[in-house]
Amino acid sequence: MTLYWKMGALALSLGLVTTPTWAQDYNEAPALAEAVKAGKLPPVAERLPAKPEVITPVEQIGTYGGTIRRGLRGSSDHNNILRFLSPQGLTRWNPDFTEVVPNLAESWEVSDDASEYTFHLREGTKWSDGAPFTADDVLFFVNDLLTNADFYGSAPPARFVIEGQPMTAEKIDDYTVKLSFVAPYGQFLQELATPLAQEPVLWAKHYCSQFHPTYNSDVQSMVDAEGAADWADLFRRKCGDLEIPARWGNPDRPTLDPWVATDEAYTGDATRVVFERNPYFWQVDTEGNQLPYVDKVRWSVEQDAESLVLQVLAGEIDMQARHLDASKNIPVYYENQERGGYDILERLNSDANAMGFYLNLNEKDPELNKVFNSKDFRIALSLGINRDEIIDLVYLGQGEPFQIGARPGHALYNEQLGRQFTEYDPDRANELLDGLGLTERDAEGYRLLPDGKRLSFQVDVIPTLQVEWVDAMELVNEQWKALGIETTTNTVERTLYYERGDSNDFEMQVWNAPGGLDPTLSPRNVMAVHPQGSRFALQWAKWYLSGGKDGMEPSDSMKRRYDLFAEFKSEADLQKQLEIFEKIHQEAADAFEVFGVALPANKVGIKSRKLKNVPMSFPAAWMYPDPGPTLPQQYYFEK
Amino acid sequence: MLLRYFIRRLLWMIPFLFVVSIVVFALIQAPPGDFLTTYVAKMAESNEGIDQATLERMREQYGLDRSLPVQYWKWISGLAVGDFGQSFEWNQSAWSVIKSRLPLTLVLMLSTFIFAWGVALPIGIYSAVRKYTVGDYVVTFFGFLGLATPNFLLALVVLYLGVRFFGVHMGGLFSDEYEGEPWSLAKVIDLYKHLWIGILVLGTAILASLIRIMRANLLDELSKPYVTTARAKGMAEWKLILKYPVRIALNPFISIIGIYFPALISGAVVTAVVLGYPTLGPLMLQSLLAQDMHLAGGILMIMCSLTVVGMLISDILLALLDPRVRYD
């Protein structure tokens, strides 16, 4: 398994491993010890599982106490909380993002064809209200929600559906559950470690079933009292769901997270969000101290990212990366390090490119469509970009010329996919364009299409996402002008950008290209599989996702990749999975659909100098929802 | 007389707010897409796709699949009976989100109002009576400086100076120890320890014009014969000025309240965003960006109502102050 994810040069050794030791005497935070003495809480040994997971701290055993101060943006920032608490799923990523390790499941067995997964839960694990966590909770999701049309409509979450059939569950005993699919599903354990497949262990049956009509025949009166649309709406308000803020808005919802919501939860009227330790958290350190070390996590609610930057400089943020990584701020962080008393963390960029170009291969205009679909044209555009100039002027010398795919050092790195046509060679580019028959030029020196129109198109850029793109486009427009191609920068608002994609009403768009560290989890640039992300051929993605009913028929090369992808998903053997994905990358390299400017520089984060056990370098990705997998529950404040 | 006038004005607010509600609804619907397209955009940014069927289910749940007139009717008929509808983003009622922010918004506005008028009045009188003196030039200079500097920039500068020289971030409205605590005298003091920045920033922006208005009006009056007569009769200078010309010069100064009230509300949005105030302004901005229709619409309606009330207050004050003003 390590081989599969090995990142070679990028491999980190964070020294954070879990070893099953047998601690007999457990310790707990002083406040909890007092509550036990007062009879308000059962003793720590009864709150912990029979065999709690033992975490080896990054640096040393910590001490209890303190509040980690962070900042939230006012709107749609629920994943800020998720990423710090970490999605507590059946599995999780190890700290260096190289393999999947046990989390709420202590261990598992996989059937030979990778269609049946038997998970062993940690016996005696408790929800944050003290109720036992058992196989019934998993079954509650699978039997009462996954297949419930009122809850998910006709579309249950895709991660639990194989060949159109949703996952089924069988309870072996209270702590053993078997999840089965109709066909092999080799990627299941990885999917469970992402932030998007936590459902099997998200909902506590004993609490959430009161909002479910199967368990509460009188649920309608609760729906009415709450003013909800239906029971599913009520359920989501009270028990949350993935990707909605309401998940963190109800302090009564039992969770399995290290910290739980207080009365100051994440709701629309919150001015501050406070989470406090979960007295039933199921992990201990190597000396038997129950985690987390830190008492509380507090988020101030800010409207403006600049205001968060000021808080960093004033030393009022203990650990944060989110909203802080605009490259223009980095010098400011270094300048004020002493005053603010913080260290600067390195977050390994998981993107393959700082600026990817997505030429619309499904272009509506037939003349442009023909040109865009010619590989030589794309090669000419790529050769016509002076990447070193852009890196020097726009990215302040950070990065090296690159296209797409896995980053160098990753096991799936494909040099052709990453480096082909990155040299600056306008002469050869012009030759290629001449070779396409685009030899006629108008008075201003621009090439003409066969129908006599100027070869000219717009490039959509969202300036609010990365202001550097607008600057870089200024240079690219000039560089392509030298090839006789007219491009204009079209700065658009984010929603319009997507609308133009949905209606197939764009010629070229710019986006950063994900998939540098997580090529198999974010394959959207090498395969048209993502309805919003595969921007070089959204209509192919629609065709793929609708089983050929919708969209446009893809190229033969893309169809071969779809077949390989299906093979990849059902392959149980990790070595073979790797080989299949290499073939996908090779097809993409030969097709040369998406190109870019440069490998993006690493991102930054900050942490208070008093906060210990924080690795100084870790991956930054959505699929590895940093800093969650570095286990914030073992961070502590030095006295 | 006054009561009848007051009631008539209140009744006029109903058709006015109805027209406003149409404009508000149209404006919120004007940008491309709806709440769900914005939601999809956000999801895609975090590298996640959402399938079409789920989108359709949500669109139906939020009523976004209906025609615009139907959506409008659903909203306005609820609004008429005090139901602001649901916030799509938060899965909670829009009013519950708004109501917690309303009091602090009013505190900020009224405090700024009292500050600006309270400071502008004496300075305006002073600079009229002592026109073209060093003092007049100094206050005028600083007044114009405040007028010319964008609010948010001034706020950023103040915040920066706070970090640079005192090592604290002065944004927000409460210190950590008072946040979430019940109200007490200490908490109010803490509030004003933070709020003065906002009051200062918002206040300075309108100070200059208030001073100039007061100054110009008073200058007009000061040269009138009745002033000369009173002075000739030996009336004490300050008593004379305060009792006669200032009272007359006050009229435009009061009627301008109605005009500056909306300016105060809209100016407060960006400033409050920069200062991190939990007031209505930033909430309005984010709900508009998210196209969270009921929340954004509810806030805009409340802000428009406040503006109308502001106008009414200024008209009534004027009528009380000056017997020459008629009630029709």
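Where a number appears in this text, it was derived from the coordinates with a stated rule and is not lab data. These figures come from a predicted structure and were not determined experimentally. A quick note on method: Cβ atoms are made from the backbone with ideal geometry, for glycine too, and the neighbour counts reach across all protein chains shown.
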Could you pull the Cα extents of segment B:102-278 along its three principal axes, largest to smallest, in whole Å?
62, 31, 27
At 0.36 nm per residue, and after removing the present C-alpha to C-alpha distance, how many nm does the segment from B:SER184 to B:VAL23 gain when stretched out fully?
53.8 nm
Unit charges at the beta carbon, dipole of segment B:102-278: most positive-side option, B:TRP183, B:ILE265, B:GLY135
B:GLY135
Cys residues of the protein assembly as shown counted as unpaired, since no other Cys beta-carbon is under 4.7 Å:
B:CYS304
Using 0.36 nm times the number of residues separating A:ASP129 and A:THR464, minus their current alpha carbon distance, what extension gain do you get?
116.4 nm
Compactness index (Cα Rg / 2.2 N^0.38 Å), chain A
1.02
Post the alpha-carbon centroid distance, segment A:228-272 to segment B:213-292, in whole angstrom.
46
In degrees, nearest 10, range 0 to 90: what is the angle between the Cα axis of helix B:293-321 and the longest Cα principal axis of chain B?
20
On the first, second and third principal axes, largest extent first, how far apart are the outermost C-alpha atoms of segment B:2-99 in Å?
62, 26, 21
Looking at chain A only, what percent of DSSP beta bridges run antiparallel? Nearest 5 please.
70
Report the label-to-label distance for A:ASP343 and A:LYS481 in nanometres (one decimal), using points 7 Å from each Cα along the Cα→Cβ vector.
4.9
Kyte-Doolittle mean at least -1.0 and Cα extent at least 18 Å along the axis: which DSSP H helices of chain A qualify?
A:467-481, A:574-591
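Equivalent-ellipsoid semi-axes (√(5λ), Cα gyration tensor) for segment A:330-371, whole Å, largest first?
Semi-axes from the Cα gyration tensor: 46, 11, 6 Å.
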Of the listed pairs A:LYS569/A:LYS612; A:LYS328/A:LYS583; A:LYS375/A:LYS542; A:LYS364/A:LYS481, which have alpha-carbon separations greater than 30 Å here?
A:LYS569/A:LYS612; A:LYS328/A:LYS583
Could you tell me how many degrees, from 0 to 90 and to the nearest 10, lie between the Cα long axis of helix B:68-80 and the main elongation axis, the longest principal axis, of the Cα atoms of chain B?
60
Any idea how far apart A:GLU582 and B:LEU11 come out in nm if each label point goes 7 Å out from Cα toward Cβ?
8.6
What do you get for the angle between helix B:151-161 and the principal long axis of chain B? Use alpha-carbon atoms, 0 to 90 degrees, nearest ten.
90
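For segment A:23-70, state which GluC sites (Glu not before Pro) are in a DSSP loop and have at most 16 other beta carbons lying within 10 Å of their beta carbon. Show your work: numbers first, answer last.
Values: sites: A:GLU28, A:GLU34, A:GLU46, A:GLU53, A:GLU59; in loops: A:GLU28, A:GLU59.
Listed in order of number, the matching sites are A:GLU59.
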So if R0 is 41 Å, what FRET efficiency would A:LEU393 and A:SER503 give, r being the distance between their Cβ atoms, rounded to the nearest 0.05?
0.75
Chain B: relative contact order from alpha carbon pairs under 8 Å, six or more residues apart, as a whole percent, is 27
Working from the pairwise distances between different alpha carbons, so that the mean of 1/r is found and then inverted, what is segment A:438-497's Kirkwood radius in Å?
12.5
Residue (of A:VAL394, A:TYR342, A:PRO366) at the positive-pole extreme of segment A:337-408, dipole from beta-carbon charges
A:PRO366
As straight-line cross-link partners of A:LYS126, the qualifying lysines (C-alpha separation under 19 Å, not fewer than 8 residues apart within one chain) are A:LYS40, A:LYS51, A:LYS171, A:LYS205
Could you please tell me the mean projected area of the C-alpha convex hull for chain B, averaged over all directions and given in square nanometres to one decimal?
22.8
Kirkwood hydrodynamic radius (C-alpha pairs) into Stokes-Einstein, segment A:263-325, 10 °C and 1.306 mPa s, D in µm²/s
114
For the protein assembly as shown, whose charge dipole is built from +1 on Lys and Arg Cβ atoms and -1 on Asp and Glu Cβ atoms, the candidate among A:ILE317, A:THR262, B:LEU210 with its Cα farthest towards the positive end is B:LEU210
With θ set to phi - 60°, apply the Karplus curve 6.51 cos²θ - 1.76 cosθ + 1.60 along segment A:403-411 and write out the HN-Hα couplings as whole Hz, x wherever there is a Gly or Pro.
10, 9, x, 4, 6, x, x, 6, 4
Find how much the distance from A:LYS610 to A:LYS328 grows on full extension, using 0.36 nm per residue of separation minus their present alpha carbon separation; answer in nm with one decimal.
98.9 nm
Note the count of lysine pairs whose C-alpha atoms are less than 24 angstrom apart in segment B:102-278, limited to pairs 8 or more residues apart or on different chains.
8
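Just to verify a number: FRET efficiency for B:ASP83 and B:ARG247, C-beta to C-beta distance, R0 = 60 Å, to 0.05?
FRET efficiency, B:ASP83 to B:ARG247: 0.80.
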Would you kindly compute the Cα radius of gyration of segment A:539-588 and its largest Cα-Cα separation (Dmax), both in Å?
11.8, 34
Computed FRET efficiency, Cβ-Cβ of B:ASP322 and B:SER223, R0 25 Å: what is it to the nearest 0.05?
0.75
Put a dot 7 Å past each Cα toward the Cβ at A:ALA225 and A:THR262; how far apart are the dots in nm?
2.7
